[in-house]
Amino acid sequence: MSQLPDALQPFVDQIRQAAAQRTPLQIRGGGSKDFVGCLQPAALLDTRSLTGVVDYAPSELVVTVAAGTPLSELENLLLAQGQCLPFEPPHFGWSGSASQATVGGMVASGLAGPARASVGSVRDYVLGLKLINGQGELLTFGGQVMKNVAGYDVSRLMAGAMGTLGLITEVSLKVLPLA
């Protein structure tokens with residue numbers, strides 16, 4: 001179990017309280033994927049306060065960002081270095097829309113664009129992540145290098161899980177140079 005940063009304490013408290021009361025939580029960042037799945041009545045767990053680039057090594061082709069970071073912000077940072085997320089994550093936003101795709105939502109939904117057939121899906125680019133499980137524990141899986149996993153690769157399992165396995169707080173991604 002990892003050391004708990006102060007910014008994560010409200011999330012841990014909300015998760016533990018929901019577990020104690022046996023009430024469901026709806027994890028939501030920018031709300032761009034609210035149409036996916038069947039929403040049940042649940043208390044909202046808003047991740048938009050978890051923002052920022054934690055680490056970026058353009059020469060290593062690795063970026064680590066907080067889950068609530070807007071996807072457009074990450075893509076602009078990568079573009080400035082001539083890099084991209086090759087799987088073309090969809091934003092599902094439209095002009096004037098209040099919804100804004102987040103990095104955590106990108107991983108949690110596991111959705112990719114048309115390049116998926118040739119470059120792979122989101123899970124193929126997830127190197128590691130941190131999450132808070134249903135008991136309120138901060139767990140770390142994977143790392144920032146490709147050959148780092150011994151045992152189960154839980155970080156890639158989170159891609160497409162839609163928050164059912166835990167709240168993603170931070171994710172490390174492999175990026176590629178622009179074609």
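The values are calculated or read from the model by the stated rules, or taken from the named source; none is laboratory data. Only a predicted model underlies this, so the values are computations on that prediction, with no experimental measurement involved. In this analysis, Cβ positions are derived from the backbone assuming ideal geometry, glycine residues included, and neighbour counts consider all displayed protein chains. With ligands, DNA and RNA removed, areas are computed over all heavy atoms of the protein, side chains included. Shrake-Rupley method; radii C 1.70, N 1.55, O 1.52, S 1.80 Å.
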Residue in segment 75-86 that is without any contact (Cβ under 8 Å) to a residue 24 or more places away in the chain and of a type in the set (D, E, K, R) present: yes
Hits in segment 77-92 - residues which are at pLDDT below 95 and either acidic (Asp, Glu) or open to solvent by 50 Å² or more (accessible area, probe 1.4 Å) (or both): 88, 91, 92
Test: residue in segment 20-32 that is farther than 20 Å from residue 108 by Cα and outside any loop (DSSP other than H, G, I, E, B): yes
Members of segment 134-177 found to be among the polar types (S, T, N, Q), open to solvent by less than 50 Å² (accessible area, probe 1.4 Å) and modelled with pLDDT under 85, listed by number: 155
Search result, residues across segment 41-65 that are surrounded by 16 or more Cβ atoms within 10 Å (Cβ to Cβ), among the charged types (D, E, K, R) and more than 17 Å from residue 8 (Cβ to Cβ): none
